[in-house]
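Inspection log for the structure reproduced underneath, given as structure tokens.
The values are calculated or read from the model by the stated rules, or taken from the named source; none is laboratory data. All values reported here derive from a predicted model rather than from experimental measurement. Here Cβ is always computed from backbone atoms with ideal geometry, including for glycine, and neighbour counts include all displayed protein chains.
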Amino acid sequence: MTSMSLKKKACRQPAIDEHRDGHAQAAAVPSTVGPLAMGGVRHLPRLRLRPRLALTCLAVATLSGCLSLEPRYTQPQAPIPASFPVVAPADTDSASQDLAWRTYFTDPLLQTLIQSALDNNRDLRKATLRVEEARAAFRIQRSDRVPTATLGVQGARSRVPGDLNASGASIVAGEYRGEVGLNSWELDLWGRVHSLETSALETWLATDAARQAVQVALVSQVAEGYLGLRELDERVLIARKSVSAREASYRIFQRRYELGATSKLEVMQVKTLLTQSQTLHAQLAQQRAQQVNALQLLIGGNPGILPDEAPFDDNAILAPLAPGLPSDLLVQRPDIIAAEHRLRASHANIGAARAAFFPRIALTGSYGSASAELDGLFDSGSRAWAFMPTISLPIFDGGRRRAGLALSEVRRDIAVADYEQSVQIAFRDVADALAARHWTTEQSDIARTARDAQAERARLAQLRYDNGSSAYLEVLDAQRDLLEAEQHLISTRRAQLSSQIALYSALGGGTEPADHAMTGPDAADTRPIP
């Protein structure tokens, strides 16, 4: 044999050996095995396979998600005036975003009740769990951006009778595999998966903003409940003093009647006034008990012993608050923030619907070892791999994709209208709260003047009766009107404080510490995979 032939034989030997190994492996595969298994027995030289895999992975990483078909997002123009009504104070330096609830609600007992509600209220707890639910849904959707690798080991052994074979002899065949598989990973060339991920992310953020709205509403409800309790305490106190005073008057008139110094009519008039005061006191005591029960439901537990007397003025309960500008609502009202996130999610859904018109490319493959016998599964030459990319494009779907795109666009338009309506509602809430604060302040001043006038009238009527210048009926009327004026003054003061709470809530409730749902080890989940 010449040196030239020896060289040719040496060059051909690796390919021959490789072909022989592959042929032997293919012969060991039973005839019932599908095309994927048949394709998985092909062997290539190691030095040829790895560069190809590396180049494929590099190309996939470069092309995946390189295009987005989402429409360009533009924040809708806020359909509201540039300033609040003229009843708003001119000062805009101390807006609600500068005041956390602990700063705005200065009463220590109220702060304790609010903190208890934030810890135990079931509505807020459900809203927080919905945030966790949306975060889990986002993470599920985000996982579609990366390949799903599985490790599997399988074995099969079968016997084919001789009458089913051309050879006429029965055949016993087996197949054993251990491989790492790639399960239908979609190449996101048109941004469909990325758009769905963005939609899930915006839905999560919208849910978290909705939780913040629930928290603001809860703080306002607890403050309202506390003010209602303080109002009833003061009204009960005045009614109790009135009952005590009229009980003393009734005893005096009863004694005078026994001595013949007054008529029974006057005694009955005094008793009537006493029963009216007693009825009012009983009604207010019932309302106070119900108010405590309502407050207990809000805070999610026992509020403890609540004092019967507490300060009932704005300086002791609330801090000063100015409305700021209407444009501030766009960044501090949780419901507006949630509406904007829903709008962004609708834009992402349009991108996913548009991407459905383009071909979908998915990669499926496996790499491992295969053998006809279990003891030869990891022997030399048992290496097996399979690679099956698929491209699919529906030719006819009855207009499903076009209808899906139209549906996503309509939902985007609905989200725009919802966002604009949220802004308008927020503006109205602030305007109503400002009007209420302005006019209830004036009403409170008028009610205080009326109370003072009624007190003076009652004093003069008592002097006239003591001097014999008028009947006792005039005193009764004056005292009855005085009690009503005192009760009305307290209700007006409560309405004034309620308008302050409504303004705080309408402006977005102020800033709070970073929420637990958006911090921690999963904080990076808020950023989509590039």
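Count of segment 354-381 residues, restricted to those that are buried (at least 22 other Cβ atoms within 10 Å of the Cβ) and either under 17 Å from the mean Cα position of the chain (by Cα) or among the hydrophobic types (A, V, I, L, M, F, W, C) (or both), is 2. Here residue 387 fulfils each of the conditions (1) part of a helix (DSSP H, G or I); (2) in contact with a helix residue (DSSP H, G or I) (Cβ under 9 Å, 6 or more places away or on another chain); (3) of a type in the set (A, V, I, L, M, F, W, C) apart from (1). For residue 377, the conditions (1) free of Cβ contacts under 8 Å to residues at least 24 places away in the same chain; (2) in contact with a Phe, Trp or Tyr (Cβ under 6 Å, 6 or more places away or on another chain) all hold with the exception of (1). When you scan segment 485-508, do you find a residue that is acidic (Asp, Glu) and within 30 Å of residue 267 (Cα to Cα), even just one? Checked against the condition, which is being acidic (Asp, Glu) and within 30 Å of residue 267 (Cα to Cα), segment 485-508 yields at least one hit.
In the set (1) among the basic types (Lys, Arg); (2) farther than 30 Å from residue 337 by Cβ; (3) touching an Asp or Glu at 6+ places or on another chain (Cβ under 7 Å), residue 145 fails one condition alone, (2).
The residues of segment 164-178 that are outside any loop (DSSP other than H, G, I, E, B) and either free of Cβ contacts under 8 Å to residues at least 60 places away in the same chain or over 24 Å from residue 385 (Cα atoms) (or both), listed by number, are 164, 171, 172. Residues in segment 318-335 that are of a type in the set (D, E, K, R) and part of a helix (DSSP H, G or I): 328, 335. So is residue 435 under 30 Å from residue 493 (Cβ atoms), of a type outside the set (Val, Ile, Thr), surrounded by 13 or more Cβ atoms within 10 Å (Cβ to Cβ) and at pLDDT 90 or above or not? Yes; evaluated as a whole, the condition is true for this residue. Sub-8 Å Cβ pairs linking a first residue in segment 432-458 that is over 19 Å from residue 501 (Cα atoms) to a second residue that is of a type in the set (Ser, Thr, Tyr) and assigned to a helix (DSSP H, G or I), at least 6 apart or interchain, are 447/492, ordered by first then second residue.
Selection within segment 173-219: residues that are of a type in the set (Asp, Glu) and closer than 16 Å to residue 146 by Cβ. The member of this set that is surrounded by the fewest Cβ atoms within 10 Å (Cβ to Cβ) is 186.
Screening residue 399 on (1) surrounded by fewer than 22 Cβ atoms within 10 Å (Cβ to Cβ); (2) small (Gly, Ala, Ser); (3) within 22 Å of residue 72 (Cβ to Cβ) shows it passes everything except condition (3). Residue 181 falls short of the stated requirement of being over 33 Å from the mean Cα position of the chain (by Cα) and free of Cβ contacts under 8 Å to residues at least 24 places away in the same chain. Of all residues being surrounded by 11 or more Cβ atoms within 10 Å (Cβ to Cβ) and not in a strand (DSSP E or B) in segment 147-163, which is farthest from the chain's Cα centre (by Cα)? Just the residue, please. Selected residue: 162.
Just the residues that are among the small types (Gly, Ala, Ser) and either at pLDDT 90 or above or touching a strand residue (DSSP E or B) at 6+ places or on another chain (Cβ under 6 Å) (or both), please, taken from segment 319-355. Outline the logic, then answer.
Keep residues of segment 319-355 that are among the small types (Gly, Ala, Ser), which gives 319, 322, 324, 327, 338-339, 345-346, 348, 351-353, 355.
Hits for segment 319-355 are 338, 339, 345, 346, 348, 351, 352, 353, 355.
Please verify whether segment 236-246 includes one or more residues that are crowded, with 17+ Cβ neighbours inside 10 Å, farther than 30 Å from residue 294 by Cβ and touching a residue at least 24 places away in the same chain (Cβ under 8 Å). Checked segment 236-246: at least one residue is crowded, with 17+ Cβ neighbours inside 10 Å, farther than 30 Å from residue 294 by Cβ and touching a residue at least 24 places away in the same chain (Cβ under 8 Å). Does residue 104 satisfy being buried (at least 18 other Cβ atoms within 10 Å of the Cβ), among the hydroxyl-bearing types (Ser, Thr, Tyr) and at pLDDT 80 or above? Taking the combined requirement at face value, the residue satisfies it.
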